[in-house]
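Note sheet for the following structure.
The values are calculated or read from the model by the stated rules, or taken from the named source; none is laboratory data. Note that the structure is a prediction, hence the values are computed from the model and not measured. Cβ coordinates were reconstructed from backbone atoms using ideal geometry, including for glycine residues, and neighbour counts include every protein chain displayed. Only protein heavy atoms, including side chains, enter the accessible area calculation; ligands, DNA and RNA are left aside. Shrake-Rupley method; radii C 1.70, N 1.55, O 1.52, S 1.80 Å.
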Amino acid sequence: MSSTKPSFSWGDRAALAVLTCCVFVVGTAEYVMVGLLPDLAADLRVPLPTAGSLVSWYALVVTVGGPVVTALTLRIPRRPLLLALLAVFVAANVCGALTSGFGLLLAARVIVALTHSTSFAVTMVLAVGMAPEGRRGLAIAVVSAGWNLAAVLGAPLGTWIGQTQGWRATFWAIAAIGALTLLAVAAVTSVPADETAGPSRSELGALWDLRVLTVIGIMVLSQAGVFAVYTYITPLLGRVSGFSPAVVSVLLAVLGGAGLLGNVLGGRLTDRSPWAGLCAALAALAAVLGVFALIDGTRPGAVAGVLVLGVLMGTLIPLLQERAFAAAPSAPTLITAVGASAVNLGIASGSWLGGRALAGGLALAHLPWAGVLPVLAGLGLTVHATVRGRRPGRDRRPVPASS
């Protein structure tokens, strides 16, 4: 006997596309800054390391400020909140384009960063709220694909605009896309019938559940393992594998494209068996990193490693996000923002771990081994949660429509 899962209506599909655009424009605003730093430093007459603080401060504000902003706005219904966040996002990027001093530009970037986690959280919760039964993983995968599109399409295009038209033109382009997205959200997304302002205290209390803390730990460890290697993927492919800079750029784009395929795979695994899928993805990631340390000196092996690594990075996103939702069904907005902070903490920890490993004498070719350890630790937590902490009835509880 077979059963057919309910599908999304055309209106829901349009809304999912718009929500994906929200994630895309926010992700582009984050990723594009790296490519603009040289021109921006020269134009504003500041040293390159000073310009680089635009990246580090953004990440710090996302990590620390994101959950705070989300907690302070929990009582605001989600759709109006998303519209307000997008309006602030657009205004801050316009201010960044108009400013003539580095201090004001940094302030504008801080304001953009303050909208980052909460806008992603609200976007994700709206997407999950409209998903039919059994399609939650697919909704998460579709919307989170905006991050991959930002890395593959948004950041390179924004960098090209900045290099040819000036870095301010990139800020204007991001503001314009953000404004169009705001209008689309207002036109396409609907207000849930039971959306009301909810008690923030209940959301805050839900974060102390052991299952929530376990999922957050898995997020940090898995991303630390990935970024211990990904942070240094350019020298790995250039110095160890012997690819030219032009080919390395193509391979990085391929990695981002593979992440889109991973999003789809992760969405399917999430809707079928999320804990088993997460265990399989982390086990495969540990194995791939280990094998990559052995074969990254060969070009075919390096290409294969990049492809599989990109798929697994994309696969983890919907799996981890859905497990966070399942662990805190009464706090979907806040757990998403905290999850974004956990991912950023994992990225920072992984970058630090990779740097310390190299500074300690580990050969660049063997760096992937440094990423295996935190991934295995995350796998251990996942197996523990699967065997002892899973409650099937609670895992499939739908996400409530109110904060």
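Miscellaneous remarks
- Residues of the stretch 112-124 include at least one that is within 24 Å of G35 (Cα to Cα), open to solvent by 50 Å² or more (accessible area, probe 1.4 Å) and either polar (S, T, N, Q) or assigned to a helix (DSSP H, G or I) (or both).
- Of all residues in the stretch 38-59, those satisfying the criterion of being of a type in the set (A, V, I, L, M, F, W, C) and either open to solvent by less than 40 Å² (accessible area, probe 1.4 Å) or out of contact with any helix residue (DSSP H, G or I) (no Cβ under 8 Å at 6 or more places or on another chain) (or both) are L40, A41, A42, L44, V46, A51, L54, A59.
- Single unsatisfied condition, L282 versus (1) within 26 Å of V142 (Cα to Cα); (2) surrounded by fewer than 22 Cβ atoms within 10 Å (Cβ to Cβ): (2)
For every residue, the table says whether it meets (1) touching a Lys or Arg at 6+ places or on another chain (Cβ under 7 Å); (2) open to solvent by 30 Å² or more (accessible area, probe 1.4 Å); (3) under 30 Å from V122 (Cβ atoms).
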{"site": "L334", "(1), (2), (3)": "no, no, yes"}
{"site": "A340", "(1), (2), (3)": "no, no, yes"}
{"site": "W369", "(1), (2), (3)": "no, yes, no"}
{"site": "V372", "(1), (2), (3)": "no, no, no"}
{"site": "T382", "(1), (2), (3)": "no, no, yes"}
{"site": "V387", "(1), (2), (3)": "no, yes, no"}
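- Residue match in the stretch 317-324 (condition: open to solvent by 50 Å² or more (accessible area, probe 1.4 Å) and of a type in the set (D, E, K, R)): no
- Among the residues making up the stretch 125-138, a single one is over 14 Å from A340 (Cα atoms), open to solvent by less than 10 Å² (accessible area, probe 1.4 Å) and at pLDDT 85 or above: A127.
- Positions within the stretch 178-187 being buried (at least 19 other Cβ atoms within 10 Å of the Cβ) and at pLDDT 95 or above, in sequence order: G178, T181, L182
- Within the stretch 150-175, tally of residues that are open to solvent by less than 60 Å² (accessible area, probe 1.4 Å) and assigned to a helix (DSSP H, G or I): 16
- With respect to being surrounded by fewer than 23 Cβ atoms within 10 Å (Cβ to Cβ) and either outside any helix (DSSP H, G or I) or of a type in the set (S, T, N, Q) (or both), T28 falls outside the description.
- Top-ranked residue in the stretch 154-175 [being among the hydrophobic types (A, V, I, L, M, F, W, C) and either under 22 Å from the mean Cα position of the chain (by Cα) or on the phi > 0 side of the Ramachandran plot (or both); ranked as modelled with the lowest pLDDT]: A155
- Residue within the stretch 97-104 that is in a helix (DSSP H, G or I) and within 23 Å of A337 (Cβ to Cβ) present: no
- Conditions (1) more than 16 Å from S56 (Cα to Cα); (2) assigned to a helix (DSSP H, G or I): number failed by E133: (2)
- Residue in the stretch 236-249 that is within 30 Å of W208 (Cβ to Cβ) and in contact with a helix residue (DSSP H, G or I) (Cβ under 9 Å, 6 or more places away or on another chain) present: no
- Test result for A97, at negative phi and either surrounded by fewer than 18 Cβ atoms within 10 Å (Cβ to Cβ) or among the basic types (K, R) (or both): no
- If you go through the stretch 234-243 and keep only what is in contact (Cβ under 8 Å) with a residue 60 or more places away in the chain and surrounded by 16 or more Cβ atoms within 10 Å (Cβ to Cβ), you end up with L236, L237, V240, S241.
- Residues that are part of a loop (DSSP other than H, G, I, E, B) and not charged (D, E, K, R) within the stretch 70-88 comprise T73, L74, I76, P77, listed in sequence order.
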